[in-house]
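*Asks:* One structure is given below, represented as structure tokens, and several questions about it will come after.
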Amino acid sequence: MSKNNVEQYKVTSEPFYKSVEDEVELYEAAYKARMPMMLKGPTGCGKSRFVEYMAWKLQRPLITVACNEDMTASDLVGRFLLDKDGTRWQDGPLTTAARIGAICYLDEIVEARQDTTVIIHPLTDHRRTLPLEKKGELIEAHEDFQLVISYNPGYQSLMKDLKQSTKQRFGALDFDYPLEKDETDIVAQETGIDVETAGKLVQIAHRARNLKGHGLDEGISTRLLVYAGQLINKGVEPVSACIMTLVTPLTDDPDMRETLEAAVNTFFVK
């Protein structure tokens, strides 16, 4: 693998990440031990940004895979492809990461089928190997390789959860939405809007999050607050920006929309 191929996966500029507790230090220690890590928390709370930030801080290439129910083991490890010269092998993202010593981030791992996720097991214990059965090759992971997975425990069910045999191969960090002041600072920093307006968006989110399990499957994420702030910064009227990013994406229920719109109007209609 050439240096150029490694460099394309490097995070070249520092992503904005505001530490909440000691997660940065804990992750650094886990990386030194090359411990596989699991990040648990609601959607849009900063798990992916955290991995990106840590890859930048540790100066390691980062390969991210958005997991889905149609993803096969071949999508992760690779497959033979036909071209004008016959067949050639193409590594998948997990194989590439193992070869070059990247951090491989499997986002929302429970979305993938269990028969697919089993492929990661040999990489997450003392073996640190990846068998390419179709190619007849056994890859020994680069000494800098680390596997990181994330998922949202709020979506756990009998049909969508990780097997214990998978869970117990990882260290884990819990993530949640930041404290009000921290979240306000994040929204202001990410969008360029003033702190007062960012604080109003956070207040709306707090009201919506109280409705989780009472009409909403999930509360308003920090990501959606950033979307709202970006629109406001582009000159969109705040109520319209909030309806577009904080209400319409969350629910189609008329009563719940009315409730969320009332929360928006509380802060932005005088």
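*Asks:* Check the range 150-163 and report whether any residue there is outside any strand (DSSP E or B) and modelled with pLDDT of 95 or more.
*Replies:* No.
*Asks:* Follow-up question, since we're still on this one. Are there any pairs, at least 6 apart or on different chains, whose C-beta atoms fall under 8 Å, with the first in the range 45-70 and on the phi > 0 side of the Ramachandran plot and the second surrounded by fewer than 21 Cβ atoms within 10 Å (Cβ to Cβ), and if so, which?
*Replies:* G46/Y17; G46/F175; G46/P178; Q59/K10
Yes or no, residue by residue, for (1) among the charged types (D, E, K, R); (2) loosely packed, with under 15 Cβ neighbours inside 10 Å:
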site	(1), (2)
E7	yes, yes
V11	no, no
E14	yes, yes
Y17	no, no
K40	yes, no
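*Asks:* What number of residues within the range 224-256 are at pLDDT 95 or above and among the charged types (D, E, K, R)?
*Replies:* Within the range 224-256, residues that are at pLDDT 95 or above and among the charged types (D, E, K, R) number 2.
*Asks:* Do any helices (runs of 4 or more DSSP H) lying entirely in the range 1-61 carry at least 3 residues that are among the small types (G, A, S), and which ones are they?
*Replies:* Values: elements: 3-7, 23-32, 47-58.
It comes to none.
*Asks:* Looking at the range 245-266 only, could you name the residues that are outside any helix (DSSP H, G or I) and closer than 14 Å to A205 by Cβ?
*Replies:* Listed by number, the residues that qualify are P249, L250.
*Asks:* Still on this structure, please answer the following. Let me confirm something: among A55, A66, A102, A112, which residue is surrounded by fewer than 20 Cβ atoms within 10 Å (Cβ to Cβ) and within 30 Å of Y177 (Cα to Cα)?
*Replies:* Numbers: A55 fails: surrounded by fewer than 20 Cβ atoms within 10 Å (Cβ to Cβ); A102 fails: surrounded by fewer than 20 Cβ atoms within 10 Å (Cβ to Cβ); A112 fails: surrounded by fewer than 20 Cβ atoms within 10 Å (Cβ to Cβ).
Going through A55, A66, A102, A112 in turn, the sole match is A66.
*Asks:* Something else now. For the condition surrounded by 18 or more Cβ atoms within 10 Å (Cβ to Cβ), in contact with a helix residue (DSSP H, G or I) (Cβ under 9 Å, 6 or more places away or on another chain) and of a type in the set (D, E, K, R), what is the one hit in K200, K234?
*Replies:* K200
*Asks:* For the range 161-197, name all the residues that are without any contact (Cβ under 8 Å) to a residue 40 or more places away in the chain and surrounded by 17 or more Cβ atoms within 10 Å (Cβ to Cβ).
*Replies:* Correct list: T184 only.
*Asks:* Exactly one of (1) assigned to a helix (DSSP H, G or I); (2) more than 18 Å from D107 (Cβ to Cβ) is unmet by T166. Its number?
*Replies:* Every condition holds for T166 apart from (2).
*Asks:* So N152 passes all but one of these: (1) in contact (Cβ under 8 Å) with a residue 60 or more places away in the chain; (2) among the polar types (S, T, N, Q); (3) not assigned by TED's automatic domain parsing to the domain that holds F50. Which condition number does it fail?
*Replies:* Unmet for N152, out of (1) in contact (Cβ under 8 Å) with a residue 60 or more places away in the chain; (2) among the polar types (S, T, N, Q); (3) not assigned by TED's automatic domain parsing to the domain that holds F50: (3).
The values are calculated or read from the model by the stated rules, or taken from the named source; none is laboratory data. Everything numeric here is computed off the predicted structure, so don't read it as measured data. Note that we place each Cβ from the backbone using ideal geometry, even for glycine, and neighbour counts take in every protein chain shown.
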